[in-house]
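Since the structure comes first, as structure tokens, the remarks are kept for the end.
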Protein chains: 2
Amino acid sequence: MEKVTLKQIAKRLNLSASTISRALQDSHQISPQTKQKVLELATELNFVPNYHASGLRKKVSKTIAVVIPEVADSYFAQAINGIEAVAQEQGFHVLIYLTHESFLKEQAILRELQNGRVDGVLLAITAETSHNRHIRELLNRGMPLVMFDRVCEDMETAKIITNDLESSYLATRHLISCGCKRVALLSASNSLAMSANRLAGYKKALQEQGHPFRPTDVIACSKAEDVNYFFIKTLLSNAHRPDGIIATVEKQATSVYQVCQELNLNIPQKVKIVAFSNLQSAAFLNPSLTTVMQPAFDMGKAAAANLCKVLKRKNLNILPETQVLPSVLHIRNSTG
Amino acid sequence: MEKVTLKQIAKRLNLSASTISRALQDSHQISPQTKQKVLELATELNFVPNYHASGLRKKVSKTIAVVIPEVADSYFAQAINGIEAVAQEQGFHVLIYLTHESFLKEQAILRELQNGRVDGVLLAITAETSHNRHIRELLNRGMPLVMFDRVCEDMETAKIITNDLESSYLATRHLISCGCKRVALLSASNSLAMSANRLAGYKKALQEQGHPFRPTDVIACSKAEDVNYFFIKTLLSNAHRPDGIIATVEKQATSVYQVCQELNLNIPQKVKIVAFSNLQSAAFLNPSLTTVMQPAFDMGKAAAANLCKVLKRKNLNILPETQVLPSVLHIRNSTG
DNA sequence: GTGAAAGCGCTAACAG
DNA sequence: CTGTTAGCGCTTTCAC
């Protein structure tokens, strides 16, 4: 990259570097004429102040990191959209890091973010994440952090979540009210608070409706697609297979459809299904899919807005407040 | 963010800053004992070298920018996955910029990237982009740039594309061979080379099969969803409506399904449809959707690999070579 | 209003 | 093998 520097402009205008700097920042202590001269030459030369130099000096990067498990999932894709919308508006740049559900990667990424590369972090933890030391470390160093969707409940920081417990409670109740005698839960992980909440909602509905809770009806999914596919196939091949399924992970829904097709199990006659999914195409699946739709875009916006707010008014600590945006149950043909 | 600096480590170990710097970079001219001492203290203090300082000094950012129209589209989501995979492996960080199909934003974003914030750029232009001056400006300044998917054909830089002409040719021929008498094309834009190629393939097939080309059967879609929905509804409400549709934009497929549902037009009996789409769920739509599936993940990987290669071997210019990865036509029930 | 000077934290000659 | 020195390009006191 070729370099046009402040100094060059200063020399060409017979001014000092500081004057140029101030003029470019529209400081009120520079005469209008000078400002104009500077601005003119700057645009002519297409001058853009060096990012590292000003970053080093001002100790800011105007950048936030988004650390998420993956992007090929409509929830996170939409969340990024929301994040990017407010970041762009507020003048922040957005770094994306995918952990691919690997705890080790998450640790390594967060560790490196302590070097001044970013001013703040938006985080949705991996399904593997079992302890919080790496997150706490960041926080201790004063890094503004907002967790969203997959949060650590015991972390003293801002959180944006949806009503997971209630949603899965409603989903389960809906399946039972549609006549399901045995509802299985495809869970995302054993460690996520989000998963625990969805499990709790599921249990609560079962109990309320007088259904027994069978631990074997809860399948903890892995990050490997084929393994999950195998789990689902096994589950549905069983003679005592469930007649209702709650998929708490979007991709699982597709797998269930696939398995049902292969096993010739009619949805919704033999098996009813509701999925936590943000797919636009849910309404056009065969049969159309009953979904719990999370407010992904708005959660992204809320998370970014919260973070940017803190970053604007400097040295104000982030409030450990939790914001809950509601999901909505869209009832379609996959549940009858 | 609290600061642990190189100097502090130096002082505590009674060594010079340069020794610490070299030790941390595992320079072969530092004694093993010193290295160990340094490393120990560094890990103990959780030292991470300041990003801006080293960036300013070394004139690199180890960061690449990905400038794309949007992310809530499975093509770009998968492409990001591919990009991130190789970037992470090669030690590069990934900045995401969404243009939302706005040419002005694209200009503004590319302009700001000239400040040393990134070492290279991956670009898929907007549907609005009519000229190349802003891109050329970047290139002139020596910024390594790889275009992918939506490229400028007349730009002297590396490009990763798919066989758009052939794909839409095959798609059109397929529709005609399924009995369609009148095939419409939902185009992404009037200015993209990609769209021109898809149009050319469509025309070629029509001509080969002795079908007339009707300009009114080509609908240039806008970036506003509702407008496109309206176009599609108008198109299909017409008495002389087409009996075959090629949607060159993923979202359009959903709109077509929706319109057909509303107008009570059975797919595939009344209207057959093939869409350029990477949706995992295409096979489970009602009816299952015939798609042209682009190698999104691999295109992302290829683009990033090309860029990283150039960035590794410094000051080597990017080769203006075009790499073509083939799309594949998946025939399903929406055409048959 | 403008300039001089110092320094952000690190790296890379150049010495020894 | 290690230290000294200079400086990346910018911002910001402090002078005038």
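The values are calculated or read from the model by the stated rules, or taken from the named source; none is laboratory data. It should be emphasised that the depicted structure is a prediction, and the values quoted were computed from it without experimental measurement. With ideal geometry, Cβ positions are generated from the backbone for all residues, glycine too; neighbour counts draw on all protein chains shown. Please note that ligands, DNA and RNA were not included when accessible areas were found on the heavy atoms of the full protein model with its side chains. Shrake-Rupley method; radii C 1.70, N 1.55, O 1.52, S 1.80 Å.
List, please: which pairs have Cβ atoms under 6 Å, are six or more places apart or on different chains, and start with a residue in region A:211-223 that is of a type in the set (Lys, Arg) and end with one that is open to solvent by less than 40 Å² (accessible area, probe 1.4 Å)?
A:LYS223/A:GLU101
Looking only at residues that are surrounded by 11 or more Cβ atoms within 10 Å (Cβ to Cβ) and not aliphatic (A, V, I, L, M) in region A:26-43, which one is farthest from the other protein chains (Cβ to nearest Cβ)?
Looking only at region A:26-43, we keep the residues that are surrounded by 11 or more Cβ atoms within 10 Å (Cβ to Cβ), and these are A:27, A:30, A:34-42.
Now narrow it down to the ones that are not aliphatic (A, V, I, L, M): A:27, A:34-37, A:40.
Working: A:SER27: 20, A:THR34: 23, A:LYS35: 20, A:GLN36: 20, A:LYS37: 21, A:GLU40: 17 Å.
Residue satisfying both the conditions and the ranking: A:THR34.
With respect to B:LEU113, determine if the residue is under 30 Å from B:SER191 (Cβ atoms), away from DNA strand D (no atom under 11 Å from the Cβ), part of a helix (DSSP H, G or I) and in contact (Cβ under 8 Å) with a residue 12 or more places away in the chain.
On the way: under 30 Å from B:SER191 (Cβ atoms): yes; away from DNA strand D (no atom under 11 Å from the Cβ): yes; part of a helix (DSSP H, G or I): yes; in contact (Cβ under 8 Å) with a residue 12 or more places away in the chain: yes.
Yes; evaluated as a whole, the condition is true for this residue.
Counting only residues that are open to solvent by 20 Å² or more (accessible area, probe 1.4 Å) and more than 15 Å from A:ILE246 (Cβ to Cβ), which one in region A:266-283 is modelled with the lowest pLDDT?
A:GLN280
So A:ARG57 fits all but one of (1) open to solvent by 20 Å² or more (accessible area, probe 1.4 Å); (2) within 13 Å of DNA strand D (Cβ to nearest atom); (3) more than 30 Å from A:LEU113 (Cβ to Cβ); (4) not in a loop (DSSP other than H, G, I, E, B); what number is the exception?
Failing condition for A:ARG57: (3).
Against the condition closer than 30 Å to B:VAL310 by Cβ and part of a helix (DSSP H, G or I), how does A:GLU70 come out, does it pass?
On the way: closer than 30 Å to B:VAL310 by Cβ: yes; part of a helix (DSSP H, G or I): no.
Judged against the criteria, A:GLU70 is not a match.
Inside region A:2-36, can you point out the residues that are part of a loop (DSSP other than H, G, I, E, B) and closer than 16 Å to A:SER54 by Cβ? Walk me through how you get there before you give the answer.
Initially, region A:2-36 is screened for residues part of a loop (DSSP other than H, G, I, E, B), giving A:2-5, A:14-16, A:25-31.
Those that are part of a loop (DSSP other than H, G, I, E, B) and closer than 16 Å to A:SER54 by Cβ: A:LYS3, A:VAL4, A:THR5, A:GLN25, A:ASP26, A:SER27.
State all residues of region A:1-27 that are out of contact with any Leu (no Cβ under 7 Å at 6 or more places or on another chain) and more than 8 Å from DNA strand C (Cβ to nearest atom); if no residue qualifies, say none.
A:MET1, A:GLU2, A:LYS3, A:THR5, A:LEU6, A:LYS7, A:GLN8, A:LYS11, A:LEU24, A:GLN25, A:ASP26, listed by residue number.
Open to solvent by 10 Å² or more (accessible area, probe 1.4 Å), more than 8 Å from chain B (Cβ to nearest Cβ), within 9 Å of DNA strand D (Cβ to nearest atom) and not small (Gly, Ala, Ser): does that describe A:LYS62?
Against the criterion (open to solvent by 10 Å² or more (accessible area, probe 1.4 Å), more than 8 Å from chain B (Cβ to nearest Cβ), within 9 Å of DNA strand D (Cβ to nearest atom) and not small (Gly, Ala, Ser)), A:LYS62 does not qualify.
Just checking, does region A:108-127 include any residue being open to solvent by 10 Å² or more (accessible area, probe 1.4 Å), at positive phi and not hydroxyl-bearing (Ser, Thr, Tyr)?
Yes - at least one qualifying residue is present in region A:108-127.
Here is a list: A:ALA275, A:ALA253, A:ALA282. Which entry is under 30 Å from A:LYS159 (Cβ atoms), within 14 Å of chain B (Cβ to nearest Cβ), in a strand (DSSP E or B) and not β-branched (Val, Ile, Thr)? Please lay out each step first, then the result.
Values: A:ALA253 fails: in a strand (DSSP E or B); A:ALA282 fails: in a strand (DSSP E or B).
Result: A:ALA275 is the single residue among A:ALA275, A:ALA253, A:ALA282 that is under 30 Å from A:LYS159 (Cβ atoms), within 14 Å of chain B (Cβ to nearest Cβ), in a strand (DSSP E or B) and not β-branched (Val, Ile, Thr).
Output the number of residues of region B:233-250 satisfying the condition of being more than 14 Å from chain A (Cβ to nearest Cβ) and open to solvent by less than 30 Å² (accessible area, probe 1.4 Å).
Summing the residues that are more than 14 Å from chain A (Cβ to nearest Cβ) and open to solvent by less than 30 Å² (accessible area, probe 1.4 Å) in region B:233-250 gives 7.
Counting only residues that are surrounded by fewer than 20 Cβ atoms within 10 Å (Cβ to Cβ) and at the interface with chain A (Cβ under 7 Å from one of its Cβ atoms), how many does region B:78-95 have?
The total comes to 1.
Kindly indicate whether any position in region A:324-335 is assigned to a helix (DSSP H, G or I), touching a Ser or Thr at 6+ places or on another chain (Cβ under 8 Å) and within 14 Å of chain B (Cβ to nearest Cβ).
So far as region A:324-335 goes, yes, one or more of its residues are assigned to a helix (DSSP H, G or I), touching a Ser or Thr at 6+ places or on another chain (Cβ under 8 Å) and within 14 Å of chain B (Cβ to nearest Cβ).
Which condition from (1) at pLDDT below 90; (2) away from DNA strand C (no atom under 16 Å from the Cβ) is the one that B:ILE30 breaks?
The one condition B:ILE30 does not meet is (2).
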